[in-house]
Structure formats: C-alpha cells, structure tokens
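See structure below.
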Amino acid sequence: MKVTTITGAEFQKMVRVSSQRLNDNADFINRLNVFPVPDGDTGTNMSLSFASGYKYLSDVNSESTGELASALAKGLLMGARGNSGVILSQIFRGFHKSVGDKQQLSAQDLTDAISSGVKMAYKAVMKPQEGTILTVARKAAEAVRKEVKKTDDCVAIMKVAYEAAEEALKMTPELLPVLKEVGVVDSGGQGLVFVYQGFYDALSGNVRPEDEQKHTPSLGEMPEMVGAEHAQSKLNVEDIKNGYCTQIMVRIGRGKQVTQKFDYDTFYNYLADLGDSLLVINDDEVVKVHVHTEYPGKVLSWGQQFGDLQTVKVDNMRWQQEEIIINDKKEEAEAAQPVTNDIAGDYGIVAVASGAGITDILKSLGATYILSGGQTMNPSTKDIVDAINSTQAEKVIVLPNNKNILLAADQAATVVDAEVAVVPTASISEAMTALLAFEKTKTLAENRQDMTDSLQDVTFGKVTNAVRDTTIEGQEIKNGQFMGIIGKKIEIVAENVQQATVKMIEKMADEDSEIVTILFGADGSQQEAEAIKDAVLAIDEDLEVEIYEGDQPVYQYMVSVE
C-alpha cells in the first residue's frame with residue numbers, strides 16, 4: 001500500500017492507533033523501570049500523556065493535518081506527566097511547528113516534522129542523555145532523512161522510522177551501562193517505538209482488531225482510573241448502592257481451584273451482574289478487576305475459578321465516605337475563616353506532595369498550595385498550571401519535589417500569566433530546606449537563587465522494598481529486600497527496613513552533619529522511627545534527630561541529613 005499524502009482523517013487514525021498501542025503496553029513499559037522499586041511509571045505517564053493529546057485532537061472538527069497536529073501538541077503538553085511524557089510532548093510540539101497550517105502531508109513534510117520533533121525534544125532537556133528516548137527519536141529522524149531522497153511514499157517513511165527506532169532501542173543498553181547491567185532497554189524509548197509502530201500500521205492498513213476498540217485503561221493505567229472512581233465527596237452514605245470497592249488480580253490458569261478456561265465475555269458478564277464501576281483488564285497472564293459490589297466474596301470466588309489470586313483489596317466505601325464527610329465539614333469550617341499567610345506574603349508557593357503528614361509540614365513552612373502527587377502519581381502540566389492559577393498570586397514559586405516532575409513544572413511556567421520560578425527540588429526534604437530559605441521581601445529571582453543554593457546543604461535518602469530480583473552496579477538485590485537509596489543510587493541493601501534505614505543514615509552523615517530528619521510513611525511507624533533514632537544516636541550522640549509523620553506512599557522512610 002502506497003500513500004503519497006496524509007489526510008486529516010489518516011492522521012487522526014495514526015494518533016488513535018498509537019494511543020491504543022501505548023495504552024495496551026503501559027504495564028510492559030512500566031516493568032522496564034531500572035530500579036527494582038515500586039515506582040516504575042513511564043508507561044502510565046506516556047499512555048496518559050498521549051491519550052490527552054488524542055482527546056484534544058478528537059475534539060477538533062477539521063480535515064486539516066495542521067490543525068489536528070496543533071491540537072495533538074496542545075493536548076500532549078497539558079496532559080504531559082513525568083519526564084517521558086514531557087519529552088513526548090516536545091517531540092510532537094516540534095512536529096506541529098514543522099507542519100504549520102498544511103492541509104495534508106507529503107513524505108517530505110512527514111520527514112521534516114519527525115526531524116523537527118527531535119530538535120525540539122533535545123532543546124527541552126538541559127543535559128540530554130544518550131541511550132534514552134532522545135536517541136531513539138534521533139536515529140529514526142536520521143533514517144527518514146535518507147529514505148525521503150528515494151521515495152515519496154509516506155508508508156515507506158514511517159516504516160523506516162519505526163524500524164530505525166526499534167534498532168536504536170536495542171542499542172540503548174550499550175549507551176547506558178545501567179540498562180545493560182539489569183538487562184532491559186530504555187522504557188521511554190520503548191514507548192516511542194510503540195508510537196511509531198502505531199503510525200506505520202495505521203498508514204499501511206496493518207491495524208489490529210484491538211486498535212479499533214474504544215480506549216480503555218490498561219493494567220498499568222488502572223490504578224489511576226480506580227483513584228478517580230473514589231472521588232465521592234458529594235455522596236450521602238445512604239446513596240452508595242454497592243458498598244465495597246473490590247479489586248483482585250488473578251493469575252490465569254494457575255492454582256488448585258481452576259475450573260474454567262478464561263474467556264473475557266464470560267468472566268466480565270458475571271461480574272457485571274454483581275455491581276457497578278466495573279473494570280476488567282487482562283493480558284495473556286493476568287486479569288485485573290475493579291468493581292463496586294455488595295458481594296466481595298463472590299468476586300473472589302469467581303476469580304479463583306480462572307486462576308489463583310495474586311492480589312486482593314477490599315475497601316468499605318460507606319466507612320470511607322463517613323470519613324470524607326467529617327473531613328469536608330472540618331475543611332469547610334476552616335475555609336470560612338479569613339486566610340492569611342504571613343510567610344508567603346504576596347507570593348504563591350506550590351509544592352507537590354503525597355501524604356497528610358507531609359502536607360501539614362509543607363504548609364506550616366509556608367507552602368500556599370499542595371498539589372497531590374509524587375513518584376507514582378506524576379501530576380500533568382495542566383495540573384500544575386491549575387495549581388499555579390489557584391494561588392491567584394502574581395509571583396509563584398513551584399517546588400516539584402521529584403526530578404520526574406521538573407520538566408512538567410518548567411512547561412507549566414511557560415503557559416501561565418503569573419511570573420513563575422521553579423526551584424528544582426527533588427525530594428520533600430529539599431522542599432523543606434528551600435522553604436526555610438524563602439523571604440517574602442525578596443524578589444522572585446532572588447528567592448529562586450537563594451532557595452536553589454540552599455539545596456546544596458542537604459543530603460536526601462529514602463528506603464523502600466525491592467519488588468523484583470535484579471543486579472545493579474554489581475550489587476545483587478532480591479525481591480523483598482529493603483534498599484537505602486541516596487540520591488538516585490542504591491547504596492544499602494538489607495533484610496529489614498530498620499537495618500536499611502540506619503545504615504543509610506550512617507552513610508549519609510559526616511563529621512559536619514548536625515540534623516537528621518526522618519519522615520515515616522504509610523508503611524512505617526512512630527515506634528520503628530524511634531528505634532531508628534536510638535540506633536543513630538548510638539553511632540553519633542551529637543546528632544539532632546527529628547521525627548515527623550509523613551504518611552507518604554512507596555517509601556517507608558524518607559531521611560534528610562544537614
């Protein structure tokens with residue numbers, strides 16, 4: 001099949017198919033995460049970012065590829081999550097800039113657009129790293145620039161782009177030693193390969209049946225969708241028809257109670273009769289279920305007929321709703337009082353955080369708006385834009401508190417009316433330090449410099465458990481062991497969380513260290529933190545150790561040493 005010009009309808013199909021491919025493979029991309037910690041979200045970020053782009057494009061009633069490419073770029077920018085999502089948005093921002101207002105695209109137009117996307121993406125990253133999505137994009141662009149000299153066929157151009165991207169992806173472990181050591185390719189690069197694969201298949205007519213399905217959440221995307229299902233703050237408890245939010249993951253065909261061969265329709269239809277808000281997502285190995293029901297036991301029993309239960313989670317939503325109502329009334333009462341912030345003055349300070357304890361700490365230090373998010377919940381560019389606008393301040397400081405959110409924060413700063421400074425905080429501890437350096441009488445530029453400079457005085461570490469076996473930098477890590485991560489490097493591996501935390505603090509501290517701050521998370525405890533404090537003081541009694549309840553997910557303990 002030969003296509004010499006890409007129409008608006010064909011371009012829309014290309015984007016739809018690629019969005020579906022990212023959605024279908026989000027969990028696979030997530031699993032390419034190098035660190036064996038439960039925070040691999042590249043696939044989810046890229047899938048949700050591209051889905052936002054497709055939604056914007058779908059809302060445009062036009063046959064112009066230029067207008068459609070503009071909508072795609074806008075949607076990707078506003079929906080961009082994490083570094084991978086932001087870089088993907090920049091690739092298609094460059095694509096849009098090249099296409100301009102063209103009605104249709106020739107092979108040369110397509111080639112120029114792909115090349116323009118690479119330039120824009122490299123420009124957006126302060127220190128481009130080869131062996132990543134950038135390398136994959138660049139190699140694809142180099143290949144199509146050669147191919148266009150020989151053909152006017154857009155299908156041939158996309159075929160070469162896809163194949164070159166795939167070859168470049170295979171080489172990423174040679175460019176990034178950590179990928180080679182762990183035995184994976186770059187996750188962001190893999191995501192871009194799926195995008196180009198979708199473009200090629202859509203143009204060539206090689207569209208799979210699943211590409212024609214309505215966009216549904218993948219296994220990797222499902223947790224975020226489930227979170228949306230829980231937004232019930234306006235419900236009365238009596239109005240909840242099905243009171244138990246029930247989630248299971250079944251390993252298909254495994255276990256002693258298997259009596260049925262898995263068939264999606266059979267499996268789905270039975271559950272549909274048990275409740276509402278039903279999501280059933282599967283691949284060849286597992287099926288994941290989310291349903292609101294009055295009969296959680298029946299859901300579990302049904303799942304066991306098809307395989308063993310890998311995970312089970314049941315929440316009483318009526319009880320949760322009672323708590324929500326109590327908290328809402330408390331917040332409404334507080335909101336009725338005049339609100340002043342003597343710390344921030346005329347400034348707005350947006351901080352990204354997850355956990356009630358951390359939220360309270362950052363507010364007490366002067367943050368005026370807490371945007372919910374973190375390692376596994378990267379807020380989109382639009383989320384950050386909305387947070388900035390919500391401060392209603394002319395000068396706003398943004399603390400992303402995670403390197404994977406920094407690019408999205410930078411992008412948000414370019415599309416708002418307020419004067420914005422992004423302080424590159426990579427952790428909650430750095431945010432606390434930066435807030436202490438803030439002075440409302442100084443200019444935005446002065447505060448940004450002072451707050452950024454203050455980050456040099458703090459060392460940050462975090463402790464979590466490994467979720468898979470791996471070897472990194474010659475260090476063998478087993479599933480279930482606890483890791484102390486200082487900066488971005490796994491420095492400590494231990495059999496229990498207390499041992500890992502104490503050893504990590506010991507490695508972080510030096511003769512100039514004075515203060516150790518410990519934030520215990522949702523899976524940590526005050527009692528355990530006190531035991532950690534005692535062990536640290538036994539090593540160095542001159543240290544001042546402070547303990548706070550952070551309530552953060554993923555990391556049992558987050559520690560700063562100053």
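Values quoted throughout were computed directly from the atomic coordinates according to the rules given, and no laboratory measurement underlies them. If you're wondering where the values come from, they're calculated on a predicted model, not measured in any experiment. Cβ sites come from the backbone with ideal geometry, for glycine too, and all protein chains shown count toward neighbours.
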Kirkwood hydrodynamic radius, region 460-562, all distinct C-alpha pairs: what's the number in Å?
13.5
Per-residue ³J(HN,Hα) for region 303-314, Karplus 6.51 cos²θ - 1.76 cosθ + 1.60, θ = phi - 60°, Hz, x for Gly and Pro:
x, 5, 6, 10, x, 7, 8, 7, 9, 9, 9, 10
Return the sequence-ordered ³J(HN,Hα) values of region 57-63 in whole Hz as given by the Karplus equation 6.51 cos²θ - 1.76 cosθ + 1.60 applied to θ = phi - 60°, using x for Gly and Pro.
4, 5, 7, 8, 8, 8, 9
Once the dipole of the chain is set up from charges on Cβ (+1 Lys and Arg, -1 Asp and Glu), the residue from the list 486, 364, 543 lying farthest towards its positive end is 486
Across region 241-321, qualifying lysine pairs (alpha carbons under 16 Å, at least 8 places apart or different chains) come out at 4
Can you give the percent of C-alpha pairs in region 241-321 whose distance is more than 14 Å?
56
Gap separating the Cα centres of region 456-515 and region 136-210, nearest whole Å:
36
Restricting to Cα pairs below 8 Å that are 6+ residues apart, what does the relative contact order work out to for region 393-512? Please round to a whole percent.
17
Computed for the chain: size of charge dipole around the Cα centre, +1 on C-beta of each Lys and Arg, -1 on C-beta of each Asp and Glu, debye to nearest 20, value 2400
Which peptide among 62-72, 503-513, 385-395 comes first, and what is the full order, when sorted by highest mean count of other Cβ atoms within 10 Å?
62-72, 385-395, 503-513
Determine the relative contact order of the chain: mean sequence separation of Cα pairs under 8 Å and six or more apart, normalised by residue count, in whole percent.
12
With r as the distance between the Cβ atoms of residue 97 and residue 272 and R0 = 35 Å, compute the FRET efficiency 1/(1 + (r/R0)^6) and round to 0.05.
0.15
Along the Cα→Cβ direction, 7 angstrom out, place labels at residue 439 and residue 544. What is the inter-label distance in nm?
2.1
Please report, to one decimal in angstroms, the Kirkwood hydrodynamic radius of region 8-212 built from all distinct Cα-Cα pairs.
16.5
Rounded to the nearest 5, what % of the DSSP beta bridges within the chain are antiparallel ones?
70
Counting only residues 5 or more apart in sequence or on a different chain, those whose built amide H sits under 5 Å from that of residue 493 are 484
Gyration tensor (alpha-carbon) shape descriptor, region 340-457, a/c threshold 1.5:
rounded
Note: the chain at 10 °C, 1.306 mPa s; Kirkwood Rh on alpha carbon pairs; Stokes-Einstein D in µm²/s works out to 62
Taking alpha-carbon centroids only, region 359-381 lies from region 413-450 a number of Å equal to 14
Under the rule rounded for a/c under 1.5, else prolate if a/b exceeds b/c, else oblate, using alpha carbon gyration tensor axes a ≥ b ≥ c, region 405-497 is classed as prolate
Can you sort 186, 450, 109 by how many other beta carbons sit within 10 Å, fewest first?
450, 109, 186
Step through the residues of region 361-369 one at a time and calculate ³J(HN,Hα) from phi using the Karplus curve (6.51 cos²θ - 1.76 cosθ + 1.60, θ = phi - 60°), rounding each to whole Hz and writing x for Gly and Pro.
5, 5, 5, 5, 8, x, 5, 9, 8
Nitroxide proxy distance, nm - points 7 Å out along Cα→Cβ at residue 473 and residue 167:
3.4
Going down the list 462/489; 123/382; 2/74; 395/440; 102/123; 395/442, which pairs span over 19 Å between their C-alpha atoms?
123/382; 2/74; 102/123
